[in-house]
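Please treat every number below as a calculation from the coordinates, not as lab data. This is a predicted model, so every value here is computed, not measured.
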Amino acid sequence: MRLSLDYFRKISVISFQLYGGGGYGKFLIGKSIQAFKPLKFLQNILFDRCRNGLLFIVPLNPINFVVNNLKHFKLFSFLMLCGFTQAQTIEECDKIFVEAISEMNQKNHTRSLELLTEVKTMAINNAWQKQLFLAFNNLGANYYLMLDYGEALDNYLEAYKIALKGLDAKYEMSVLNNIAILYSKEQKFEKAEEYFLKAYHIAKKNQDSLKIGLYATNLATVASQKSEIEKADQYIKIAIPLLKNVPPILDQAKITYVHTLILKKDFDEAKRIALQLLTTLNTPELSEHRISLLMNISDIYKYEGNQKLAIDYAMRAGNDSNSNIENKIDVYNQLSELYRTENKSSLAFIYKDSVIWAKDSLNQIKNGRLFENSRVKFELQNYEKELRESQKILKAERNLFYSIIGGIILLILISFWAIWNYSVKLRQRKIISERNYKIAGLEVEKQKKDKILLIQHLREMEVLNLFKQEKLKSEIDSKNRELTSKVVSISTRNELIENIIDSLTNSAEISKNEFLNRRIFELKNHLKKDSQEDNFFTHFERVNPSALKSLKEKHSDLTSNDLRYLSYIYMNLSTKEISSLLNITVVACRKRKERILKKMNLPEYSDLYNYISDI
């Protein structure tokens, strides 16, 4: 049975029409050159060589050429560069590819291979991976049609490598399908199924329903060839619903389904589908499907024992105008077997001899094709060699052209320098002296303005700093007053609580009550604890961020109690208020002050408030 080729190459050709981008320019010089007035100076130029759109020029008199035609040189250079630089573009490459596909469809394989080789060379030189893939894939298609399966496989494998390097999955599954078809042609159905499965899984991953149906049909065909009926039935039931809008591939799927039904011995259903499908396969393009279906119908009647109809349908397949040698071999084998079943030995031997004759003819065709393929390969190698040589010549000619253009430009530059050098120097000296004078005046004026601006800026900064200092000082004073008020309030409360505790302690009745005595004792201990010490220091440092820090840096041996005492001094509290806050006597408070003065190495008469404020 016939396997369905992936029509990706045809789809690719159509997609080329969507490409945009710039083209390439040619500088055409012919009979109409005299009509272009700005180029009359070219009459002094010797046209040395014009090949492949490339133009070489050599001025007869370079000096006169520069002097007389200087005003036209820019236009001339532009036109010459346009004419010379015929860059190879993707659009140009695609046009060649379309022509190559057209030649292949017309079975002009030699010309198609030459054009595809040119596309391959352009793609390699410009690193166009998609065009390189298409070149190798369709080189393989040409060799496939020429029955050179080995060369076709080599090209398909190259296309597969390119697809794996970075092209879309559609390229990979297309070439996998074509490789699988080659293996099926060589009767290597295990390898064919392996590559069909790879393509099928990629199509499923990309949710490409058309390709899923196409590859499922091919997998069903291979499974039928291997007599794996259940697998073939499974794949064909996947394929048919997906191919409803693609009649050619749907017909192939239905033919495969008919063959699967024959293997399952469901002859009635197979015959019904086959006869219904046969009425739609009337065009020459569908001859392969028609012949395959006729042979399947012949098999159905053979298994049903209707030898006459089996022979009729086999005859129709053999007499089809589009039947090739391979089809005839299948037909002759079928007829030989059918006549042998009817005990018509003479006819059976005749068709058996026809099989041998057809196989010999096929071998002769293949040998002829092999010779033709060898000849085409030889011509292709010569064409590649000529293409490489022409590219080398083109590169050398370009280098020579650029050297000539560079020499002409250099000559013009030297001429300009010689002519205008003296006058330019005079003008430069005059301009430089005038500019220097202006620059000196501007620099003096700028310095004056900068000085005034700097003074103004410094004054503004000074006023701003004074304002910030006053604002900060007022904020600190406000916070300190708030903190002092809070501390005095706490001191008064502590003093009141102490007086109440003393009065309670001196009461005879209360002293006898153990529960009350325990509670009074706990209250005294609570007054002795500095539970709010951390909160006090945190708030004090937030209001006076530098006071405690400076004290710690200058007198590192001060304890936290010392720092707390000094904080109260900085808040300008009296000795009595401090002793109340610290829950100590006034005498103990004075002694603490003396001890702190000693730690700080200050005289006994020193004013701690002024000292802390000055730090």
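The table that follows gives values for the structure above.
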item	result
Global form of the range 281-321, assessed from the alpha-carbon gyration tensor, a/c cut-off 1.5	prolate
Gyration tensor (alpha-carbon) shape descriptor, the range 301-340, a/c threshold 1.5	prolate
Computed over the range 90-317: relative contact order in percent, which uses C-alpha pairs under 8 Å that are six or more apart	9
From phi via Karplus (6.51, -1.76, 1.60), per-residue ³J(HN,Hα) for the range 420-431 in Hz, x at Gly/Pro	9, 4, 5, 5, 5, 5, 4, 4, 5, 4, 5, 5
Approximate shape of the range 170-251 as ellipsoid semi-axes (Cα gyration tensor, √5λ), whole Å, largest first	18, 16, 11
Cα-based equivalent ellipsoid, the range 535-614: semi-axes from gyration tensor eigenvalues, Å	18, 16, 11
Projected area, mean over directions - the range 137-278, Cα convex hull, nm²	8.6
Principal semi-axes in Å for the range 399-509 [√(5λ), Cα gyration tensor, largest first]	92, 27, 5
Two-decimal Rg/Rh across the range 112-159, once Rg and the Kirkwood Rh are taken from alpha-carbon atoms	0.98
